[in-house]
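First comes the structure, then the notes that go with it.
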Amino acid sequence: QADGGTVASRWFLFTCETVRDTYQNIYGKTFNREYVKDTTQPPPYYYRNDLPSAGQQVPSDIVWDGDAAGILASINDGVFIVQHRDHGSVSGWADPSFHISNLSGLTNGEKTPIVMSINCLTGQFVNDCFAENLFARENGAVAVVAAVESSYSYFNDYFCYGVYKSFNDEYTSPPFSYTNPGGDYMGGQALINGKLEMQAAAPYNPYGSWETYAEKEWDLFQWFGDPTMDMRTDVPHSLTVTAPYTLPSGSTSAVFTVADSEGPVEGAMVCMMHTSGLWVSGVTDASGSVTLTFGAIGALNDITYMATAHNALPYEGVINGVGVEDFASGILNASVGSPYPNPASASITFPFTLDNAGSVTIAVFDISGRTVNTVQSGELESGSHGLVWDITEVPQGVYMARITDHNGTVTNRRFVISR
């Protein structure tokens, strides 16, 4: 926005370009620009000469032909993040124009991006708002950040920087940063860190009074989606989890160790639960270990657990309980990894390790519960295995693999076939 001139009156473009520079120059990602201008003056154009910009020349390679068709094409192609910074309304974005009425053109399926809608009103959920429509659609967004009322330039921009700095270990900084957050990868954490950065930058805004604006800004921006979602910055990798094979009646603790191909994983969250009411969680230390403590349990079967970490696929498993402490040895102890690649297109591998030889069955089901294929059924030797299934003739979709050992221990793994 240059109000008909050649110098930006706000920081809309500058903020979008810091996001673009970060992902292109630091992370090597490709990007799509969908920009428009409100001036007929010829270039060169310049950013504002005050923070967060410093009067720099706007990149000369920008093409000002952004429109709804270009936005739809990018989302349908599978971009992982969409950044908008401009004016907004309850129904959508002002420039480039993109509204609820355009969402019917989305065909991105399960390739759902995070959408940063940093503008006014697009999250006003007391009405039928843009953010809710985009999040609720089957072909939409996995999460949306948006404001419930009119919001404020400069404050919005520093809020935006704080969100990105929270979940990106490196970021192309504006000329001055106040809180420099980092290492907080959950969506809700990123939202709060954005507001903390905005609060710290507020006294230095070019408009003067700031207390009222900053206070309102804390209430304006909301997270539409799961606030515990990992804000991934890379293709997710597999985890390996060492867990108890059994938990005897009377147990009050369980030790888990989480690792990946590079070694122990610090900061992984492990959660264990049972339908009887057992629910406990904890975070791994530098050695990748965490001890979960709980009240004495009875003879429980099918105690489920899950481990999650930044840029990692969730690891799910099941622990069987037994009624006495001196449980007989010699059972089949199976450690089951996550299928990979996920999503998959041509083939998928099911990794697992057996401490003892025994019978293993791997059955695959679609989301309706119909059996699609039995990948494995029979005896296997002890050791590590990676069973490969050719999926070239299998339709796209979400599937569940059920891995069962000869003791009846069941481990479920979800995966996606996408082409």
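Every number here is computed from the coordinates shown, using simple stated rules; none is lab data. It should be emphasised that the depicted structure is a prediction, and the values quoted were computed from it without experimental measurement. For neighbour counting, all protein chains shown are included, and Cβ atoms are generated from backbone atoms with ideal geometry for every residue, glycine included.
Observations on the model:
- Taking the convex hull of Cα positions in the range 364-419, its mean projected area over all directions (nm²): 4.5
- For the chain, built as a Gaussian network whose Cα springs stay under 10 Å, the top-fluctuating residue of A401, A296, A202: A296
- For the range 109-189, the extents of the C-alpha atoms along the principal axes are 37, 30, 17 Å, listed from largest to smallest.
- Ratio of Rg to Rh over the range 199-272 (Cα coordinates, Kirkwood Rh, two decimals): 1.25
- For the chain, built as a Gaussian network whose Cα springs stay under 10 Å, the top-fluctuating residue of L387, L134, L13: L387
- About the centre of its Cα atoms, the range 348-419 shows a dipole size close to 360 debye [charges on the beta carbon of Lys, Arg (+1) and Asp, Glu (-1) only; nearest 20 debye].
- The orientation-averaged projected area of the convex hull spanned by the Cα atoms of the chain comes to 23.1 nm².
- Residue order, fewest to most beta carbons within 10 Å, for S249, S104: S104, S249
- Maximal additional length on extending the V318-Y207 stretch stands at 34.2 nm, based on 0.36 nm per residue less the C-alpha distance.
- For T284, net neighbour charge (Lys/Arg +1, Asp/Glu -1) across residues whose Cβ lies under 13 Å away: -3
- Once the gyration tensor of the Cα atoms in the range 74-216 is diagonalised, the equivalent ellipsoid follows with semi-axes of 26, 18, 12 Å, ordered largest first.
- Neighbour-count order for R10, R370, R413, fewest beta carbons within 10 angstrom listed first: R370, R10, R413
- Structure remark: mean-square fluctuation, Gaussian network model of the chain, C-alpha springs under 10 Å; the largest value among W279, W11, W93 belongs to W279.
- Structure-based [θ]222 nm, the chain - -39500 (n - 2.57) summed over DSSP H runs of at least 4, per residue, nearest 500: -4500 deg cm²/dmol
- The range 1-152: radius of gyration over Cα atoms, expressed as a fraction of 2.2 N^0.38 Å: 1.04
- Close amide H pairs (under 5 Å, H built 1.01 Å from N) link Q376 with I362, residues at least 5 positions away or on another chain.
- Counted over all Cα-Cα pairs of the range 235-327, pairs farther apart than 20 Å make up 33 percent.
- Folded to 0 to 90 degrees: helix 211-220 orientation relative to the chain principal axis, Cα: 40
- Rounded tilt (10° steps) of 155-167 against the dominant C-alpha axis of the chain: 30
- With neighbours defined as other Cβ atoms within 10 Å of a residue's Cβ, the residues E110, E381, E17 order from fewest to most as E381, E110, E17.
- Shape index of the range 163-301: Rg/Rh, with Rg the Cα radius of gyration and Rh the Kirkwood radius from the inverse mean 1/r over Cα pairs, equals 1.12.
- Farthest positive-ward along the range 12-224 dipole, Cα basis, beta-carbon charges - from W210, T172, F159: T172
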